[in-house]
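The values are calculated or read from the model by the stated rules, or taken from the named source; none is laboratory data. Remember, predicted model here, so these are calculated numbers, not experimental data. Cβ placement follows ideal geometry from the backbone for every residue including glycine, while neighbour counts extend to all protein chains displayed. Accessible surface is based on the protein model in full, side chains and every heavy atom, while ligands, DNA and RNA are left aside. Shrake-Rupley method; radii C 1.70, N 1.55, O 1.52, S 1.80 Å.
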Amino acid sequence: MAPTPAGNHRTRVHVVSDVHGNARDLARAGEGADALICLGDLVLFLDYADHSRGIFPDLFGVENADRIVALRTARRFQEARELGARLWAGVGEDRASVIEKAVRKQYAEMFAAFPTPTYATYGNVDMPPLWQEYAGPGTTVLDGERVEIGGWVFGFVGGGLRTPMRTPYEISDEEYAAKIEAVGEVDVLCTHIPPEVPELVYDTVARRFERGSRALLDAIRRTRPRYSLFGHVHQPLVRRMRIGATECVNVGHFAGTGTPWALEW
């Protein structure tokens with residue numbers, strides 16, 4: 001990773017989101033940058049592009065992964081939950097402990113791949129209570145907080161809003177809005193989920209609207225940051241659009257692309 005610039009030197013940061021187990025590319029994501037920013041979803045529970053990858057197929061096999069993806073894609077969430085319940089009933093150990101053990105294994109690999117410095121916030125599939133155990137001295141975890149990088153102020157808001165998917169770190173609209181409010185005016189607003197704009201929240205492969213934040217959209221219009229950076233939607237209709245003075249950018253599904261998005265000033 002490049003040394004921190006001084007004087008009139010330019011600053012370059014690389015931004016990733018939705019890493020979903022891609023430790024190999026994550027280890028190289030900071031090359032040539034002064035800092036890495038990660039907007040969450042380190043865990044790979046189930047890869048919708050390759051149903052053989054993730055915690056779910058490791059436990060229950062690819063055939064059951066195929067079945068549950070088909071149900072979720074068809075928005076038959078109740079049937080998907082019933083299938084999941086039947087499969088988990090056959091597991092001898094406690095469900096929470098089995099998942100935590102698998103997540104810990106992934107986190108050990110992911111956090112070891114982070115370069116120094118890394119600034120990170122949680123995604124909706126992450127388990128925040130575990131992060132402090134794995135984040136080394138070079139990784140700063142932020143949620144509803146701000147940090148200065150190269151003279152610009154970056155605000156971070158992690159997690160997602162509640163959905164029928166019931167992923168681990170989904171919170172209420174009110175709690176999410178409070179974190180957006182706590183961040184206040186910044187140069188770059190970094191979140192896991194996008195603002196609630198149809199073109200930014202619709203996933204063209206999953207064929208559904210993901211949840212975006214109205215509070216985030218309102219904050220963008222009100223505080224006018226230079227950039228709004230986010231992930232969450234893996235294959236959006238639009239990856240980039242302008243809202244007033246703000247450039248809104250989906251920094252990409254890093255698990256699939258392996259390429260960070262670069263910001264230089």
Inset, instruction - Please find, within the stretch 46-77, the residue that is most open to solvent (accessible area, probe 1.4 Å) out of those that are aromatic (Phe, Trp, Tyr) and within 20 Å of the chain's Cα centre (by Cα). - result: 48
Inset, instruction - List the number of the failed condition for residue 180; all other conditions in (1) open to solvent by 60 Å² or more (accessible area, probe 1.4 Å); (2) under 18 Å from the mean Cα position of the chain (by Cα); (3) not polar (S, T, N, Q) hold. - result: (1)
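Would you be able to tell me the number of residues in the stretch 27-45 that are open to solvent by less than 10 Å² (accessible area, probe 1.4 Å) and either among the β-branched types (Val, Ile, Thr) or in a loop (DSSP other than H, G, I, E, B) (or both)?
9
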Inset, instruction - Six or more apart or on different chains, Cβ under 7 Å: which pairs go from a residue in the stretch 83-106 that's part of a helix (DSSP H, G or I) to one that's among the basic types (Lys, Arg) and surrounded by 10 or more Cβ atoms within 10 Å (Cβ to Cβ)? Could you list them? - result: 83/67; 88/95
